[in-house]
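Read through the structure below, which is laid out as structure tokens, and then see the notes.
The values are calculated or read from the model by the stated rules, or taken from the named source; none is laboratory data. The model shown is predicted, which means the values in this text are computed figures rather than measured ones. Note that we place each Cβ from the backbone using ideal geometry, even for glycine, and neighbour counts take in every protein chain shown. All accessible areas refer to the heavy atoms of the entire protein, side chains included, with ligands and DNA or RNA removed. Shrake-Rupley method; radii C 1.70, N 1.55, O 1.52, S 1.80 Å.
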Amino acid sequence: MSDFLLKMTGVSKEFPGVKALNNVDFYIRKGEVHSLMGENGAGKSTLIKILTGIYTKDSGTIELNGRQMSPQNVLEAQAAGISTIFQELNLIPDLSIAENIFLGREPKDRFGKIQWKKIYVKSTEALKDLGINIDVQLKLKDIGAAIQQMVALVRALDINANLVVMDEPTSSLDDNEVKVLFKVIRNLKERGVSVLFISHRLSEIFEICDRVTILRDGKLVGESLIRDISHGELISKMIGKDSESIVSNKKKAIDFSTKETYLTANGISSGIMLKGIDLSIRKGEIVGLAGLLGSGRTELARVLFGDDQAANGKIEINGKKVSLKHPADAIINGVAFCSEERKAEGIIPNMSVADNITLASFSDITRFGFFSRKKQLQITNKYIKQLSIKTPGANREIKFLSGGNQQKVILARWLALKPDFIILDEPTRGIDVGAKSEIDKLIQSMANEGISILLISSEMEELVKRCDRVAVLYEGEKVGELQGEELSVDAILHTITAGHNRKLQGANK
Amino acid sequence: MKVLNRINSMEDKGVIAAFLVLFITATVMFEPFFSLLNIMNILRQVSMIGIVAIGMTFVILIKGIDLSVGALVAVSGVLSAYFAGRSMVLAILLPLLLGALLGAINGIIIARYRIVPFIATFAMMIGARGASYIATDTKSIAVPMTAKAYSKIGRGYAGLVPVPVIIFFLLLFIAYYILKNTSFGRKVYALGSNEEASLMMGIKVNRVKIAVYSISGLMCGAAGVILTSRLGAGQPVAGMGWEIQAIAATAIGGTLLSGGVGGVKGTFFGVLILGMITNMINLQGSLNSWWQGIITGVLLLIAIIVQAQEGRRIVSLS
Ligand SMILES: Nc1ncnc2c1ncn2[C@@H]1O[C@H](COP(=O)(O)OP(=O)(O)OP(=O)(O)O)[C@@H](O)[C@H]1O
Ligand SMILES: [Mg+2]
């Protein structure tokens, strides 16, 4: 009798042009939190999809609780006790939150009628347990990414599982929500349930996981107890190089006071989300937006991109007042926006990597109405190399790329546009450590060319590392700005707390 | 968020409003319009296309389309006529079975072989129509005068209400209940809203698809029986253009052609609107009946544009 819950041995999987998994052994013990680490495209999601019956393996065996299995679909995997939250959240936009939790296993009365009341009560409670109070009859498409993630979590927990698989569940969560998630994971562990947890954030791995398996290019490179491995070792195993090259520190302070101002926004208000925000950005400056979820970061970005209209306030670009009624107005003024909603707004799944990259900059490669295929490939290959996008070629449809690599393609699209000002909303969500540092360098080199950058990120360390200045938002107000020496994670947290306290006092008066 | 919710639940408010406007206009403009007799008449006239449109609503909810409905009405109607003189039970059951079977074939071709619904059902439309011509030698098959009970299906009344109308309402109610309150119904919405996600949530997507196209076929079978009984003959040319009418009624009723949103309640009003337009043209007397096509086309366009606008508004608000 072993204490292994899951044994996958010699698993291989080949897609046209890629060997996604090559003879991988992967074991999970009972009641442990196990992490699967690897760069974008290393094969993590593929392994999970084989385990859950979405893909069929080319070879190898899977044993769960000592019994051989090879699930043909999600239902079979669920029946065997494997519950999964997939990387690309798979929920139904037009159904309510509650239905998304119960779809396919609704409680029914004798006549097959769904017991709606029960569903609503149960899902309200389940979400409340995770600290979320929300009307569960809202449609899924009307709620934010973080709550959607929690809905997926509740759905997964509702299935009576002995293994819960979570493929990058934290990528759209902020620190508080991650804490809630970790509480849930610890709870599962206490009940003897094993958890397979994937994340590109090393700090999370070291906080929650017991053991880690590392993949590189579809091959197993190692397995270790978390307490036996250091950050550096883990990274260098993942990327196959020394980790020195990618660990960078806080950005050196640059004096921007002599540089020209690119954009000034004054008193931007819109609905309840934004309440009179002032912001200015100089040429070549990287300004970060920090704040909790719902603090108005994305909303502000959308206003600056003309995707939402400000009810009040004025925006000047290069000293001239502009009216941004539509993204096209913003694009003409040299503004680009790399959205956090990768799947909904970003990729065109059935088009090639090359088409996806050059989509926004089509006019650059078009002469007299004809577009140059050669130029398109040139640009594409440049970014494939620069961002180390893992794809068999420029012509591969983007939907076949791994999640993180899709993200890189989107980023490349906006970079190819050569804008004056680029808004990056969570640009490195789901991107591995190695590529992150590549992107860091890229952002910096853009700034050096004089492009102004507005960076939104839930990871405060990243803001501190990359930005010249950080504006802190709290519930739609700017509660502070930090730069130079004063800029640190602690200072950002402190500013948020101060903003919160001020609000409380204001409310008490 | 509350507001959003309300907008979403307004799905069929638009069509109900349009219906009311039309209804009042007709009442004011045409004396004979607002009478029990005329209204029953309208209901009876729309009942068969209405039944087909119920099936079409299921199909469109899963982001599909069924072009074969008119032809399926014809084949099953012809089959019904063959048996009408011999056995009433067979004259009802066999066409229903045939309709469901042909619908299931549509579904299997679409789900298993991943053929786009437009093409698969287009082929079925041509094939089934051809079959009904061959089976009848292009003539119509008369229902014997002796089949008294059988002819009640299309011509009878229960009190003041025509039998086809009763059948229509019954099916409408069942469909409404299934879509709203059963697991299968919710899967239909899920599938139309996001097929890939449905698959990953453990829904047997292919089964749902096949079931939905079978339902559409079944409805055609029912409409075929009623039509044959009403006309007193099974005609190979029956149901010509019904696919267009049924799609129009569904879309006007607020079911999104992009799937996942809508329902049979809207379709009911969509069908009524089409019926009232025909009726008003008849009452008016001097208008060419081709106007009906033009008006239907315009309404359809308006409905689709409104849908697109609402979709946009919801996206930008969220
Ligand atoms: N359906 C598919 N068809 C073709 N190639 C695929 C398919 N799914 C994955 N791949 C390829 O297999 C490789 C492994 O992808 P996978 O999604 O498992 O990576 P991952 O480790 O999850 O990466 P990430 O961290 O970016 O999510 C990638 O090169 C990817 O392009
Ligand atoms: Mg992945």
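Restricting to the stretch A:79-96, name every residue that is out of contact with any strand residue (DSSP E or B) (no Cβ under 8 Å at 6 or more places or on another chain) and either more than 12 Å from chain B (Cβ to nearest Cβ) or outside any loop (DSSP other than H, G, I, E, B) (or both).
Within the stretch A:79-96, just A:Ala79 meets the criteria.
Would you please name the residue that is farthest from ligand 2 (Cβ to nearest atom), looking only at residues in the stretch A:389-433 that are among the polar types (S, T, N, Q) and in contact with a Lys or Arg (Cβ under 8 Å, 6 or more places away or on another chain)?
Selected residue: A:Thr428.
For the stretch B:157-194, which positions are out of contact with any Asp or Glu (no Cβ under 7 Å at 6 or more places or on another chain) and aromatic (Phe, Trp, Tyr)?
The answer is B:Tyr157, B:Phe168, B:Phe169, B:Phe173, B:Tyr176, B:Tyr177, B:Phe184.
Would you mind finding the one in A:Leu292, A:Leu215 that is in a loop (DSSP other than H, G, I, E, B) and closer than 25 Å to A:Leu202 by Cα?
After applying the criteria, what remains is A:Leu292.
Which ones in the stretch A:154-193 are acidic (Asp, Glu) and at positive phi?
A:Glu168
Among the listed residues A:Lys478, A:Lys503, identify the single one that is touching an Asp or Glu at 6+ places or on another chain (Cβ under 7 Å), part of a strand (DSSP E or B) and within 19 Å of A:Gly276 (Cβ to Cβ).
Result: A:Lys478 is the single residue among A:Lys478, A:Lys503 that is touching an Asp or Glu at 6+ places or on another chain (Cβ under 7 Å), part of a strand (DSSP E or B) and within 19 Å of A:Gly276 (Cβ to Cβ).
Got a sec? Which helices (runs of 4 or more DSSP H) wholly within the stretch B:1-116 have at least 1 residues that are closer than 30 Å to B:Leu160 by Cβ?
Here the list reads B:13-29, B:36-61, B:69-84, B:88-112.
When A:Ser203 is evaluated against the numbered criteria (1) among the hydroxyl-bearing types (Ser, Thr, Tyr); (2) in a helix (DSSP H, G or I); (3) more than 18 Å from A:Glu168 (Cα to Cα), which criterion, by number, is the only one it fails?
(3)
Which residue is surrounded by the fewest Cβ atoms within 10 Å (Cβ to Cβ), if the candidates are limited to the stretch A:388-428 and must be assigned to a helix (DSSP H, G or I) and within 8 Å of ligand 1 (Cβ to nearest atom)?
A:Lys399
Name the one entry in A:Val247, A:Val303, A:Val221, A:Val287 that is exposed (fewer than 15 other Cβ atoms within 10 Å of the Cβ), hydrophobic (A, V, I, L, M, F, W, C) and either modelled with pLDDT of 85 or more or more than 19 Å from A:Asp468 (Cβ to Cβ) (or both).
Matching residue, one of A:Val247, A:Val303, A:Val221, A:Val287: A:Val247.
Please count how many residues of the stretch A:23-50 are closer than 20 Å to A:Leu188 by Cα and either of a type in the set (Val, Ile, Thr) or more than 10 Å from ligand 2 (Cβ to nearest atom) (or both).
So the count comes out to 10.
Based on this model, can you work out whether A:Phe370 counts as loosely packed, with under 14 Cβ neighbours inside 10 Å and either in the same structural domain as A:Arg282 (by TED's automatic domain parsing) or closer than 27 Å to A:Ile239 by Cα (or both)?
Spelling it out, A:Phe370 is indeed loosely packed, with under 14 Cβ neighbours inside 10 Å and either in the same structural domain as A:Arg282 (by TED's automatic domain parsing) or closer than 27 Å to A:Ile239 by Cα (or both).
Assess whether A:Asn162 counts as being more than 24 Å from A:Ser230 (Cα to Cα) and crowded, with 17+ Cβ neighbours inside 10 Å.
Yes, satisfied.
It is to be established whether one or more residues within the stretch A:178-191 are assigned to a loop (DSSP other than H, G, I, E, B), within 14 Å of chain B (Cβ to nearest Cβ) and surrounded by fewer than 20 Cβ atoms within 10 Å (Cβ to Cβ).
For the stretch A:178-191, residues assigned to a loop (DSSP other than H, G, I, E, B), within 14 Å of chain B (Cβ to nearest Cβ) and surrounded by fewer than 20 Cβ atoms within 10 Å (Cβ to Cβ): absent.
For the stretch B:106-120, check the following and say yes or no: at least one residue is over 30 Å from B:Ile39 (Cβ atoms), open to solvent by 20 Å² or more (accessible area, probe 1.4 Å) and under 18 Å from the mean Cα position of the chain (by Cα).
yes
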